[in-house]
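Scroll down for the structure; my scribbles are underneath it.
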Amino acid sequence: MELKFNIHHLENGLTILTHRDPFQPLVSFQIHFKAGSRYERPGITGISHMFEHMMFKGTKKVGPEEFARIIQAAGGSLNAFTTQDNTTYYENLPSDKLELAVKLEADRLKNLRLTEETLEPEREVVRNERKLRTVNSPFGLVYEKLYALAYERHPYQWPVIGWDSDLKAFTLEDCKEYYRIYYAPNNSVIVISGDIEEEKALSLVKKYFGDIPAQKPPPPIVTFEEPQRGEKRAIFKKVSKMKAFFAGFHVPGIKDDDIYPLMVLCTIFSTGKSSRFYKKYIKKGVALEVSMDVGSPPFISMDPGLLIVEAVLSPDKDTEKIEKNIWADIEEIKRDSITNEELKRAKKQILSSFLTSMQTNFFKALLAGMYHIRAGDFSYINRIETKIKEVTIDMIVEVTKKYLTSDNRTVVTLVPISSEEHHFLGPIS
Amino acid sequence: MTIQFKKINPLPVKKVRLENGITVWAIYYDRVPTISLNMIFKIGSFADPDGKAGTSDLCSEILTLGTEKMNSEEIAEMIDGLGASLSASSSWDFTQFHITGLAEDYSSFIHLLKDMVFTPTFDNNELSLLKERRTLKLMQNKDKPEVIADESFLKMLYKNNPYGNMPYGSYDSIPLISRKDVIDFHAKYYNPENTSFIVVGHISPDDVIDTIYKLFGDWKKSSEFSLPEFKIEEKGNHFYVIDRSDLTQSQIRLGHIGIVRNNPDYFPIILDNYILGGGGFSSRLMERIRAQKGYTYGITSSFSARRFPGPFTISTFTATQTTTEVIKEILYVLEDFKHNGPKQKEVFDAISFFTGSFPLKFETPSSIARQYIEIEVYGLSDDYIETYQENFSQIKKEDLNRVSNQYLFPQKMIGVIVGNKDEFLAELKSLGDVEEMGV
């Protein structure tokens, strides 16, 4: 199914993508910035995400959190999220209220009010979010360890939410600098998808965004990870009922064609109850979870990312043995064990799930916007279906041999400990 | 001020009731060639046998793990091979078999459902593996403070009532459920008069109904069955603390028994709750506790309106050191709201939200199906969807003042806190009775 987006540009460098779908009187308005933890440095990790929060703290005209109240009172829902590669703001609302979203988004791009009074409580909100999602969650800290170990140079080594010490340290000046550099029209893409008249929608964007000046482009990210030369391993101890291990294999980014056979490989291993891991480990209660994941469109990283194999086991199981078995399962693929039936099934699963995601304006806009930011061209979205259909067993065997090797692997094992040992090891934040 | 809103674009809908009592809703959806097929039984975990929480839910899943025609692997291969997904689960009030996939595969899906419900094998080996998977999952839940808080709150609020359990049961109850228990549950409650189909997809409603009639029309009504008695013992002003010294944050649940779905004040109550704590940044609790104080990342309140009175719950988390302060603040907001009610602008904005956002529930087959499932399970009127926006727009500030006062009880709260007790226990005692409990 082709997804038709039109592309437009304003003089200040702003890119606008539009898509018409009159199914319901609704529209999704999104603005995506080339801003995320990829663009940070040690000392200010987490500032991209922190800044996402600050964008709701009001402008010269709109009070703190009033943005959300206005959109909701118009029957809309809204939110924002930060990833390694992009920061995205969106409003899903009745199509006759589009102007409201355009006006409010432009306002906070021009007139954001950044003060100590709004920064300080929000800093605590974000530290609370970090506690919730990472520190007190079963595997949050283990994931952080995995990325910190797998990447030695590239910014993907630190978490999107940032290190707690950095969250406590960065200043209002850091925020202001970040706003100036990254929240510029020439560093962003607007996507409008829904029951719209294209000309009208474009004129609204011109009216409110047209006078925002372009900024000097942000400095490029020049640090790249060199190929890994040998397995890396670590242990992470925490209070836990379950044992687990997480392994990451360096794989290419969103623009590389190898991503498609890797997606099919992951599906063969871990999507649905007919998948290899489900039948061998989960169904029989050998493990609670075993999965292999390389991400799915548009959530595939811009720069070379990690394909993650994860296993969660009950305390009576032998982690080492199960890990070995899983590596043997992967070796089997290299010996050409995939059946035509498996290949056909995996492709159908991917394509059907892709089609299902096209049911909302929100997801269609997300797909176009994030691809435009991460791959540099939204039209990649219309290649996905063909690329998946073209995947052969030989291609899967080839990418498995190329990327799923022990030398390219980083493994972190969660070792459960008692509360006493936890306190002995010192505080976690 | 008058409330203005865009009405939803109506979708072609057909409803029939078969002679044996089965209701079918077929809704035509042509945005993409997909389908959401739902078979609903108006029975849920409220009917779980005593001490065997999770029976209803387990019964639904075992039906998907083997029929006389296909074993579990063949079913999995069929579903995955069609790029579809199949799930079966119970909530407190109903059981849902849900298949999503391509509309062109409707016939395969509906035949599979028939086999699952009519000729399940209740395979012994499958059942013991299923129970093992469930208990593993429940063991892992003990690593999730938010789940411990949710489960313990219901337990303390409802005590031995079935609403005091999660529909998926507990680590202790699952091993006690036998093959006979699930077979009995199936025999007793899987009846045509208890069954509805909600089908939303790129397929003609007439075809949907014809096939269901052919496959399920002959299903005989069974004898009448009686529903279990539902007793609630209320206890107020009591905090339960679960000590987890390894945590840096406390999970907090506060609340009391709430309302049934058929409460005539349902619309004003959910509107009122939106202003109190259901409306994200438009709510009083979020404004006070996150925006002004920075004590949490999120706080919500909700009335879970059910067949029998469901819980009213306030749910949040905060750094260990601010635990008592957050509870104090919540009680303060609640007292103020009960006695003074919302402001006119808040009421206007909340109504605009409910009327304006209604079309967002009609974007995907599954979200559309959810609306009709609610109509079926709670016996709402057939024109519920058509009149929804209009009904909301008629609500007045006085209605909300009345329901704030009538349905909120800040003096009768049950609280559960999961966290490092050494940091907050002494202070917490100033707010009411405190009792420590294990998981």
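The values are calculated or read from the model by the stated rules, or taken from the named source; none is laboratory data. No experiment lies behind these values; they were computed from the predicted model shown. Reconstructed Cβ throughout: ideal geometry from the backbone, glycine too, with neighbour counts over all protein chains shown. Ligands, DNA and RNA are excluded from the accessible area calculation, which covers all protein heavy atoms including side chains. Shrake-Rupley method; radii C 1.70, N 1.55, O 1.52, S 1.80 Å.
Of the residues that make up region B:380-391, is at least one open to solvent by less than 40 Å² (accessible area, probe 1.4 Å), closer than 18 Å to B:Asn273 by Cβ and away from every other protein chain (no Cβ under 14 Å)? No, that holds for no residue. Filter region B:266-279 for residues that are touching a helix residue (DSSP H, G or I) at 6+ places or on another chain (Cβ under 9 Å), open to solvent by 20 Å² or more (accessible area, probe 1.4 Å) and farther than 19 Å from B:Phe153 by Cα; which is farthest from the other protein chains (Cβ to nearest Cβ)? Out of the qualifying residues, it is B:Phe267.
Restricting A:Ser352, A:Ser379 to residues that are facing chain B (nearest Cβ under 7 Å), part of a helix (DSSP H, G or I) and not hydrophobic (A, V, I, L, M, F, W, C) narrows the list to A:Ser352.
Once region A:105-126 is narrowed to residues that are within 10 Å of chain B (Cβ to nearest Cβ) and open to solvent by 40 Å² or more (accessible area, probe 1.4 Å), the residue that is farthest from B:Thr248 (Cα to Cα) is A:Glu120. A search for C-beta distances below 6 Å between a residue of region B:324-353 that is under 22 Å from B:Phe409 (Cβ atoms) and any residue that is of a type in the set (Val, Ile, Thr), counting only pairs 6+ apart in sequence or on different chains, returns B:Val326/B:Thr318; B:Glu329/B:Ile289; B:Ile330/B:Ile314; B:Pro342/B:Ile275; B:Glu346/B:Ile275; B:Ala350/B:Ile275.
The one condition from (1) at pLDDT below 95; (2) out of contact with any Ser or Thr (no Cβ under 8 Å at 6 or more places or on another chain) that A:Thr59 does not meet is (1). Within region B:392-417, the set of residues being part of a helix (DSSP H, G or I) and open to solvent by less than 70 Å² (accessible area, probe 1.4 Å) comprises B:Phe392, B:Ser393, B:Lys397, B:Asp399, B:Leu400, B:Asn401, B:Val403, B:Ser404, B:Tyr407.
Kindly evaluate A:Gly63 against the criterion of being free of Cβ contacts under 8 Å to residues at least 12 places away in the same chain, under 30 Å from B:Leu271 (Cβ atoms) and not hydroxyl-bearing (Ser, Thr, Tyr). When the stated conditions are applied, A:Gly63 passes them.
Inclusion of B:Ser430 among residues that are small (Gly, Ala, Ser) and within 20 Å of the chain's Cα centre (by Cα) is not warranted.
Restricting attention to region B:97-106 and to residues that are open to solvent by less than 30 Å² (accessible area, probe 1.4 Å) and within 9 Å of chain A (Cβ to nearest Cβ), the residue that is farthest from B:Tyr168 (Cα to Cα) turns out to be B:Leu102.
For region A:331-349, taking the residues that are more than 11 Å from chain B (Cβ to nearest Cβ) and of a type in the set (Lys, Arg), the one that is farthest from A:Val264 (Cα to Cα) is identified as A:Arg335.
Consider region A:75-99 and keep the residues that are in a loop (DSSP other than H, G, I, E, B) and within 18 Å of B:Glu363 (Cα to Cα). The one that is farthest from the chain's Cα centre (by Cα) is A:Gly75. Within the option set B:Phe109, B:Phe94, B:Phe46, being more than 26 Å from B:Gly379 (Cα to Cα), more than 10 Å from chain A (Cβ to nearest Cβ) and among the aromatic types (Phe, Trp, Tyr) holds for one residue only, B:Phe109. Of everything in region A:307-351 that is at pLDDT 95 or above and small (Gly, Ala, Ser), the residue that is farthest from A:Val411 (Cα to Cα) is A:Ala346.
Would you check if B:Leu176 is closer than 19 Å to B:Glu68 by Cβ, among the aliphatic types (A, V, I, L, M) and either open to solvent by 50 Å² or more (accessible area, probe 1.4 Å) or in the same structural domain as B:Glu74 (by TED's automatic domain parsing) (or both)? Spelling it out, it is not the case that B:Leu176 is closer than 19 Å to B:Glu68 by Cβ, among the aliphatic types (A, V, I, L, M) and either open to solvent by 50 Å² or more (accessible area, probe 1.4 Å) or in the same structural domain as B:Glu74 (by TED's automatic domain parsing) (or both).
Scanning region A:284-299 for residues that are more than 14 Å from chain B (Cβ to nearest Cβ) and open to solvent by less than 10 Å² (accessible area, probe 1.4 Å) gives A:Met292, A:Pro298. Could you tell me whether region A:256-277 includes any residue that is touching a strand residue (DSSP E or B) at 6+ places or on another chain (Cβ under 8 Å), within 14 Å of chain B (Cβ to nearest Cβ), open to solvent by 30 Å² or more (accessible area, probe 1.4 Å) and among the polar types (S, T, N, Q)? Checking region A:256-277: at least one residue is touching a strand residue (DSSP E or B) at 6+ places or on another chain (Cβ under 8 Å), within 14 Å of chain B (Cβ to nearest Cβ), open to solvent by 30 Å² or more (accessible area, probe 1.4 Å) and among the polar types (S, T, N, Q). Residue count for region B:309-360 under the criterion of being in a helix (DSSP H, G or I), open to solvent by less than 30 Å² (accessible area, probe 1.4 Å) and within 14 Å of chain A (Cβ to nearest Cβ): the result is 13. In region B:280-308, the residue that is farthest from the other protein chains (Cβ to nearest Cβ) out of those that are farther than 17 Å from B:Val326 by Cα and in contact (Cβ under 8 Å) with a residue 40 or more places away in the chain is B:Phe308.
Only helices (runs of 4 or more DSSP H) wholly contained in region B:41-142 count here; list those with 1 or more residues that are at pLDDT 95 or above, more than 26 Å from the chain's Cα centre (by Cα) and not assigned by TED's automatic domain parsing to the domain that holds B:Pro365.
Output list reads B:72-81, B:106-118, B:124-141.
Just one of (1) at pLDDT below 95; (2) assigned to a helix (DSSP H, G or I); (3) not aromatic (Phe, Trp, Tyr) fails for B:Lys180. It is (1).
Are any of the residues in region B:151-159 of a type in the set (Phe, Trp, Tyr), more than 19 Å from B:Thr64 (Cβ to Cβ) and at pLDDT below 95? Looking for residues that are of a type in the set (Phe, Trp, Tyr), more than 19 Å from B:Thr64 (Cβ to Cβ) and at pLDDT below 95, one finds at least one in region B:151-159, hence yes.
Among the residues of this structure, A:Val102 does not count as one that is within 13 Å of chain B (Cβ to nearest Cβ), in a helix (DSSP H, G or I) and in contact (Cβ under 8 Å) with a residue 60 or more places away in the chain. Summed over region A:406-425, residues that are open to solvent by 40 Å² or more (accessible area, probe 1.4 Å) and either outside any loop (DSSP other than H, G, I, E, B) or at pLDDT 95 or above (or both) total 9. Criterion applied to A:Lys216, A:Lys237, A:Lys241 was being part of a loop (DSSP other than H, G, I, E, B), within 14 Å of chain B (Cβ to nearest Cβ) and more than 27 Å from A:Ala365 (Cβ to Cβ), and the one residue passing it is A:Lys241. Scan A:Pro185, A:Pro213 and give me the residue that is modelled with pLDDT of 95 or more and either touching a Leu at 6+ places or on another chain (Cβ under 8 Å) or of a type in the set (Ser, Thr, Tyr) (or both). Just a single option satisfies the conditions, and that option is A:Pro185.
Tally the residues that are loosely packed, with under 15 Cβ neighbours inside 10 Å, more than 14 Å from chain B (Cβ to nearest Cβ) and part of a helix (DSSP H, G or I), restricting the search to region A:388-401.
Residues in region A:388-401 being loosely packed, with under 15 Cβ neighbours inside 10 Å, more than 14 Å from chain B (Cβ to nearest Cβ) and part of a helix (DSSP H, G or I): 4 in total.
Search region A:332-347 for residues being under 30 Å from the mean Cα position of the chain (by Cα) and not in a loop (DSSP other than H, G, I, E, B), and hand back the single one that is surrounded by the most Cβ atoms within 10 Å (Cβ to Cβ). The selected residue is A:Ala346.
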